Amino acid sequence: MNLSEKMKRDWDRRAQHHARFWIATEDYHSEKIFTRSGEATAHSLLRKLHGRHARSWRVMDIGCGIGRVLKPLAPYFTELIGVDVSSEMIAQSKIWLAEHPNIATHETSGVDLQDFPDHYFDLVYSYVAFQHMPRPVFECYLKEVHRILKPHGYFLFQLPLGPFLDTCAEDTIGIRRYTVLELCEKLHRNGFLMNLASPYSTKDLTQAQDHDFIMTINNEKNFALPAGKSTSLECFELGPISDAFSSFELQMYSHFADRRFAEGQTQEAIKTLQILVEHNPHHLSGWLHLATLFVETGQIHQALSTLSKLKSLHPRYEKAHHTFQQLLTKFSSTSVDPVESACSL
Ligand SMILES: C[S@@+](CC[C@H](N)C(=O)[O-])C[C@H]1O[C@@H](n2cnc3c(N)ncnc32)[C@H](O)[C@@H]1O
C-alpha cells in the first residue's frame, strides 16, 4: 500500500463515520454550528487578504473536506475548486455545495495537483489539512502550488508553528508542527516569498496561533527544483501496514463515543466503538465499554456476544470472563434466555 491509498482509506472511513466531526471536532453538532464555523474561517481568510482580492479570481482549496470553507466564499469569487484525497468527502461535498454552481470539487491523489494547469489560480488556500500530512507530502504540495499559482498569486494556509513535532508516515491524522525556520526554508526552496520581514505577512510568524492563516506570495522568478526529487507515488510506498489506529485516532473515536453517549445518542456511540474494536482488537477497554453500552440499552444478546469475542481474542483477560459470567447470572431470571444467548455466541 502506498501513502496515497492509506490517506484515502483512512479519510474515507472518517468521512463515512461522521464527516463533520472529523472536519471540525468542536463544531460538528449541527449543520448550523458547522456552517458558522465555516463562515468564521472564510472571514479570517478574507481578513488576511486585506481587500487585495477580486471577484474575478480563481481559487483552490486543498483538503476541502465537504466544502465547509468553500461555501461561504462562493459569493466572493468567480470560480472555486476544492480538492481532497477522500472520495467520500468529495461525494458529500457535492450535496453540501449543490446550490453553488461556481464551486467544483475533485478527488485527487493526495500528493499532487496534476489535473490542474500551470499559472491558473489567483489564490490557493488550505485549512487544517497540511497539519495531518507527512512532511514530504506537504513539500510536494508546495511545489505544485507554486506551479498552479499565477506569478504573484497568493498562498494562504494554516499550519501549527513552534517546537518540531512529527509522527510516523502512515499516521494520517496525527498533528505535525513546524519550526518557523523549517517552514521559511521550505517556502523559499519551493518558490514562495516569505520571511519574517515580508510585507505580505501581517504578523510575525513566531506569534502565529495554531489556527491562523499564514500568508505567502508566489515568486514570479524561476527557481530550480531540488535535484532528484520526484512526486511519484513510488516514493511513498509504505509496505504492509496494520489496520490499527494511531493513539491520536483512538482518542478521537473514544472521545466521540463518550460525547454521543452523554448526549443520549447511544446508537451512534455503539457504532463508533464497533469501528474502534474492529480496527483495534487489542483495545480491551473499548470492548468492555461497548458491552456496557449494549447492557444499558437492553441489548443483552449483543453484550454477551461482545464479551464472548473479547474472551476468545484475549483468553487470559480475567475481567472479560468475570463480566460475562456476571451478565449471564444477572439475566438468567429475566425474559432473556442467557443459555440460548451463550450458545449462539
Ligand atoms: C480536518 S479536515 C479539514 C477540511 C477543510 N479544510 C475544512 O477546514 O473544513 C482535513 C481534510 O483534508 C483531507 N486530506 C487529508 N490528507 C490529504 C491530502 N494528502 N491531500 C488532500 N486532502 C487531504 C481530508 O480528507 C479531510 O477532508
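Every number in this text was worked out from the coordinates using simple rules, so none of it is lab data. These numbers come from a predicted model, not from an experiment. Here the Cβ is made from the backbone with ideal geometry for all residues, glycine too, and neighbour counts use every protein chain on show.
Observations
- Put in order of Cβ neighbour count within 10 Å, fewest first, the listed residues THR272, THR179, THR329 become THR329, THR179, THR272.
- Cβ-based exposure ranking for CYS64, CYS140, CYS168, in which fewest neighbours within 10 Å come first: CYS168, CYS140, CYS64
- Between CYS168 and GLU318, the modelled label-to-label distance comes to 3.2 nm, taking each label 7 Å out from Cα in the direction of the beta carbon.
- Full extension of the chain segment joining ALA40 with HIS152 gains 37.7 nm, where the gain is 0.36 nm per residue of separation less the Cα-Cα distance.
- Length gained on full extension, ALA98 to ILE175: 24.6 nm, using 0.36 nm per residue less the C-alpha separation.
- Residues of the range 145-163 with amide N under 11 Å of the 7 Å Cα→Cβ point at ASP210: 160-161
- Cβ-Cβ distance of ALA91 and HIS50, R₀ of 45 Å, FRET efficiency by 1/(1 + (r/R0)^6): the value works out to about 0.80.
- Distance in nm between pseudo-label sites at HIS119 and HIS18 (7 Å out along the Cβ direction from Cα): 4.8
- Separation of the range 247-313 and the range 107-146, taken as the distance between their Cα centroids, equals 37 angstrom.
- Counted residue by residue at 0.36 nm each, then reduced by the alpha carbon distance between them, the extension gain from ASP258 to THR78 reaches 60.5 nm.
- Highest-fluctuation residue, THR105, THR206, THR41 considered, GNM on the chain with Cα pairs under 10 Å: THR206
- Helix-only CD estimate at 222 nm, as mean residue ellipticity for the chain, using -39500 (n - 2.57) per DSSP H run (n ≥ 4): -14000 deg cm²/dmol
- Amide H contacts of GLY82 (H built 1.01 Å from N, under 5 Å, at least 5 apart or other chain): ASP61, ALA104, THR105, HIS106
- Residue order, fewest to most surrounding Cβ atoms within 10 angstrom, among ARG189, ARG260: ARG189, ARG260
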